[in-house]
1. Tell me which residues, restricted to the stretch 22-53, are in a loop (DSSP other than H, G, I, E, B) and at pLDDT 95 or above.
2. Identify the residue in the stretch 7-22 that is of a type outside the set (Gly, Ala, Ser) and touching an Asp or Glu at 6+ places or on another chain (Cβ under 6 Å) and, among all such residues, is surrounded by the fewest Cβ atoms within 10 Å (Cβ to Cβ).
3. Please go through the stretch 79-122 and give me each residue that is surrounded by 10 or more Cβ atoms within 10 Å (Cβ to Cβ) and either among the β-branched types (Val, Ile, Thr) or farther than 17 Å from Cys26 by Cβ (or both), ordered by number.
4. Consider Val42 against the criteria (1) within 15 Å of the chain's Cα centre (by Cα); (2) among the β-branched types (Val, Ile, Thr); (3) surrounded by fewer than 16 Cβ atoms within 10 Å (Cβ to Cβ): it satisfies all of them except one. Which criterion is unmet?
5. Of the residues in the stretch 79-102, how many are of a type outside the set (D, E, K, R) and within 13 Å of Val44 (Cβ to Cβ)?
6. Out of the residues in the stretch 1-37 that are of a type outside the set (A, V, I, L, M, F, W, C) and touching a helix residue (DSSP H, G or I) at 6+ places or on another chain (Cβ under 6 Å), which is nearest to Val62 (Cα to Cα)?
7. List the residue pairs whose Cβ atoms are under 9 Å apart, where the first residue sits in the stretch 70-99 and is free of Cβ contacts under 8 Å to residues at least 12 places away in the same chain and closer than 19 Å to Ile3 by Cβ, the second is basic (Lys, Arg) and assigned to a strand (DSSP E or B), and the two are 6 or more positions apart or on different chains.
Amino acid sequence: MQIDGSCHCGAVSFTALIDPARVMACHCSDCQVLSGAPFRAVAVAPFDTLKVQGKTKAYVKVAQSGNPRAQVFCPECATPLWATAPENPVSVVVRLGCVKQRAALKPSLQIWHHSALPWLPELDGIPTTAEGSGLMPAAPPPRAD
């Protein structure tokens, strides 16, 4: 399946070919911290299918797996885009948050589940709103200093 995506500001866009059966939810602590979320949804693509427009930046770190990983993002808006081996990459792990087709890409596997936050299964029982304003707590009153 061909996917296309972009960063939040539009400075970087890309296309890639993925196998929809290889969509995963990663619960590792690296994905939690680097995404600012309780897990990260990703899809694997062969590196040679990734076509990029715009300039990216990479941060290389050793992942929980012990492998060095280049975390690629937009240098303008800092949107996480994908990760890959920093040298001689064979595959790329695309962050689904920046993929236009993300609603159709349901994960078929959860990895690093021992790091999953314990309250995730309870989300179905929590009230929802169609948009962001319904149950948000009020801002604290200004301080009278």
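1. Matches in the stretch 22-53: Leu50 only.
2. Cys9
3. Thr79, Thr84, Pro86, Pro89, Val92, Val93, Val94, Val99, Lys100, Gln101, Ala104, Ile111
4. Condition (3) is where Val42 drops out.
5. 12
6. Checked the stretch 1-37; the qualifying residue nearest to Val62 (Cα to Cα) is Ser29.
7. none
The values are calculated or read from the model by the stated rules, or taken from the named source; none is laboratory data. In this text the structure is predicted, and so the values were computed from the model without any measurement. For neighbour counting, all protein chains shown are included, and Cβ atoms are generated from backbone atoms with ideal geometry for every residue, glycine included.
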